[in-house]
1. Looking at LEU38, LEU27 in this structure, which one is of a type outside the set (Lys, Arg), surrounded by 14 or more Cβ atoms within 10 Å (Cβ to Cβ) and in contact (Cβ under 8 Å) with a residue 24 or more places away in the chain?
2. Can you tell me which condition GLU5 does not meet? The list is (1) surrounded by 14 or more Cβ atoms within 10 Å (Cβ to Cβ); (2) in contact with a helix residue (DSSP H, G or I) (Cβ under 8 Å, 6 or more places away or on another chain), and all the others hold.
3. For segment 23-47, give me each residue that is modelled with pLDDT under 90 and either part of a loop (DSSP other than H, G, I, E, B) or in contact with a Cys (Cβ under 6 Å, 6 or more places away or on another chain) (or both).
4. Provide a single number: the residues in segment 18-42 that are within 21 Å of MET1 (Cα to Cα), of a type in the set (Gly, Ala, Ser) and touching a Leu at 6+ places or on another chain (Cβ under 8 Å).
Amino acid sequence: MTLPEFLALVRDEVGVSADPDTSFDELPEWDSQHLVWLVMAIERAAGTPVSLQDALSAGSLGELYSVAVGA
């Protein structure tokens with residue numbers, strides 16, 4: 001999954017248009033439930049599991065992308 005594909009997934013799944021440097025604290029009404037939904041969507045789109053523990057430690061969309069692609 002490329003970064004543009006990831007950002008499109010974020011937009012489509014949780015309705016957030018943001019760049020990779022956007023912190024989760026900057027996203028309106030963001031909570032852990034949004035993160036879980038997004039992780040599940042990433043797993044469906046990529047066809048690979050994402051560590052929820054690592055995802056929970058991500059502080060931004062870019063960090064979550066790195067977790068998702070294993071970077």
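1. Among LEU38, LEU27, only LEU38 is of a type outside the set (Lys, Arg), surrounded by 14 or more Cβ atoms within 10 Å (Cβ to Cβ) and in contact (Cβ under 8 Å) with a residue 24 or more places away in the chain.
2. Condition not satisfied by GLU5: (1).
3. Once the filter is applied, which keeps residues that are modelled with pLDDT under 90 and either part of a loop (DSSP other than H, G, I, E, B) or in contact with a Cys (Cβ under 6 Å, 6 or more places away or on another chain) (or both), segment 23-47 yields LEU27, PRO28, GLU29, TRP30, ASP31.
4. 2
The values are calculated or read from the model by the stated rules, or taken from the named source; none is laboratory data. What you are looking at is a predicted structure, and each value in this text was computed from that prediction instead of being measured. Note that each Cβ is placed from the backbone with ideal geometry, even for glycine, and that neighbours are counted across all protein chains shown.
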